[in-house]
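Student: The structure under discussion is supplied below as structure tokens; questions concerning it will follow.
Taken together, the values in this text are just the output of simple stated rules run on the coordinates, not laboratory data. Predicted model only: the values in this text are computed from it and were never measured. Here the Cβ positions follow ideal geometry from the backbone for every residue, glycine too, while neighbour counts run over all protein chains shown.
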Amino acid sequence: MAKKFEVDDVCTALGVEKAEYRGTGSFGETWRADFAGRDAAYKIIHNTGDDAKRLSREVEGYRRIDNAHVVKLFDVRTFHIAGMDRPVMIFEYIPGCDLSELIKVRRPSHDELRGLARGLLTGVRALHEADLLHRDLKPANIALRDSKYDDAVILDLGLAKLLDVESITRYPTLLGTTFYMAPEQLRQDRALRASDLWAIGEMLFEAATGVHPFFKQGEAMGIAEAVNRLSTPPAVPSDLPPDIAELILKCLSDVPHRRGTVTKALDRLA
């Protein structure tokens, strides 16, 4: 998606001398700038109908999470940007790249892959212990601190739910979020804690192999066909360590309760 705001408009609205455009996602545009003397990422929400006060109430649970593998939420405010009041979520800035970018560059070593798994699971466990689900885990929502596979930080903190955005994009494009949805989410059933585990399994497979376990970019198919494809476990590379291979296949069970819990998944890692 294209950049929507100009740097001068953003600097004026935020009251800062400089700001750096960092990208546009499903829910908003992200800029890097100073916040109270700290390096911060400002996520300017696209939908101006979302009230900052309501968002602030919704994200109260996320404010209480203090975990190295979950991005820290500083504040939610309203800024007048490009002629309109817009809600803005202010997060800590994570230097480095995201998982989708590094996957295109190189495969992780087995130790790095195990570290990636541990980071993802630890972050998700922090969310689940706070009775929160992410619902939209995907490589673009995973920052890698200092571009290291084994230092993953979960971003976007369930914005699909917070902003009442329909998570399922239209087929036949099969782009973006749907790539990492669990079968129950594709069927539009209620998302579960096990749904976050499914996404972790898909991301670990993709990091290890460079390809998605079930779909090819741009494939055309209906939801029923997609759900049916998810019922067949992918072929895990034979050279993967047994603990990682077992973790991936466990997470990619099409029956949610067979995926277990995040704590048990962490215990399975060597």
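Student: Express in whole angstrom the spacing between the alpha-carbon centres of the range 96-149 and the range 207-269.
Tutor: 15 Å
Student: Quick one: length gained pulling ASP243 to ARG54 fully straight, 0.36 nm per residue minus the C-alpha distance?
Tutor: Separation in residues times 0.36 nm, less the Cα-Cα distance, equals 63.8 nm.
Student: Continuing with the same structure: Say the dipole of the chain comes from +1 at the beta carbon of Lys and Arg and -1 at that of Asp and Glu; which of MET221, ALA41, VAL88 then lies farthest toward its positive end?
Tutor: With unit charges placed on the Cβ atoms, the residue in question is MET221.
Student: Can you tell me how much longer the chain between GLU129 and LYS148 gets when fully stretched, taken as 0.36 nm per residue apart minus their C-alpha distance, in nm with one decimal?
Tutor: 4.3 nm
Student: When Lys and Arg each count +1 and Asp and Glu each count -1, what net charge do the other residues less than 9 Å away from GLY201, Cβ to Cβ, add up to?
Tutor: Details: positive: LYS250, ARG259; negative: GLU202.
Here the count lands on +1.
Student: Per residue of the chain, what 222 nm ellipticity follows from adding -39500 (n - 2.57) for every DSSP H run with n ≥ 4, rounded to the nearest 500? Let's see the in-between values first.
Tutor: Working: 11 runs with 93 residues, N = 270.
So the calculated ellipticity at 222 nm is -9500 deg cm²/dmol.
Student: Could you pull out the trypsin sites (Lys or Arg not before Pro) across the range 185-254 that fall in loop regions by DSSP (anything but H, G, I, E, B) with no more than 10 other Cβ atoms inside 10 Å?
Tutor: Details: sites: ARG187, ARG190, ARG193, LYS216, ARG229, LYS250; in loops: ARG187, ARG190, LYS216.
Sites meeting the loop and neighbour criteria: ARG190, LYS216.
Student: Which value, in debye to the nearest 20, gives the size of the charge dipole of the range 30-136 about its Cα centre, when Lys and Arg are +1 and Asp and Glu are -1 at the Cβ? Present the calculation step by step, with values, prior to reporting the outcome.
Tutor: Values: 18 positive and 17 negative charges, 32 e Å.
It works out to roughly 160 debye.
Student: Quick one: putting +1 on the C-beta of Lys and Arg, -1 on the C-beta of Asp and Glu, what dipole do you get for the chain around its Cα centre, in Debye to the nearest 20? Each step should come with its number before you reach the end.
Tutor: Numbers: 37 positive and 41 negative charges, 85 e Å.
The dipole magnitude comes to about 400 debye.
Student: Something else now. Sequence-distant or interchain residues sharing an amide H contact under 5 Å with ASP75, placed H: which?
Tutor: Under 5 Å from the amide H of ASP75 lie the amide H atoms of ILE90, each far enough along the sequence or on another chain.
Student: Any idea which of GLY210, LEU155, GLY28 is furthest toward the positive side of the dipole for the chain, if Lys and Arg beta-carbons carry +1 and Asp and Glu beta-carbons -1?
Tutor: Farthest towards the positive pole: GLY210.
Student: Mind checking the full-extension length gain between ALA270 and LYS18? Use 0.36 nm per residue of separation minus the Cα-Cα distance, one decimal, nm. If you can, show how the numbers build up before the last one.
Tutor: Details: separation 252, 0.36 × 252 = 90.72 nm, distance 4.52 nm.
So the chain would gain 86.2 nm between ALA270 and LYS18.
Student: Counting other beta carbons within 10 Å of each Cβ, put LYS138, LYS148, LYS53 in order, fewest first. Mind showing how you got there, number by number?
Tutor: Numbers: LYS138 23, LYS148 16, LYS53 10.
With the sparsest Cβ surroundings first, the list reads LYS53, LYS148, LYS138.
Student: What number comes out for the charge environment of VAL124, summing +1 per Lys or Arg and -1 per Asp or Glu over other residues with Cβ under 9 Å away? Can you show the working numbers first?
Tutor: On the way: positive: ARG125, ARG193; negative: ASP196.
Counting the neighbours of VAL124, the net charge comes to +1.
Student: Over 29 Å between C-alpha atoms is what I'm after, so list which of LYS72/LYS264; LYS3/LYS104; LYS53/LYS148; LYS4/LYS250; LYS53/LYS250 land there.
Tutor: LYS53/LYS148; LYS4/LYS250; LYS53/LYS250
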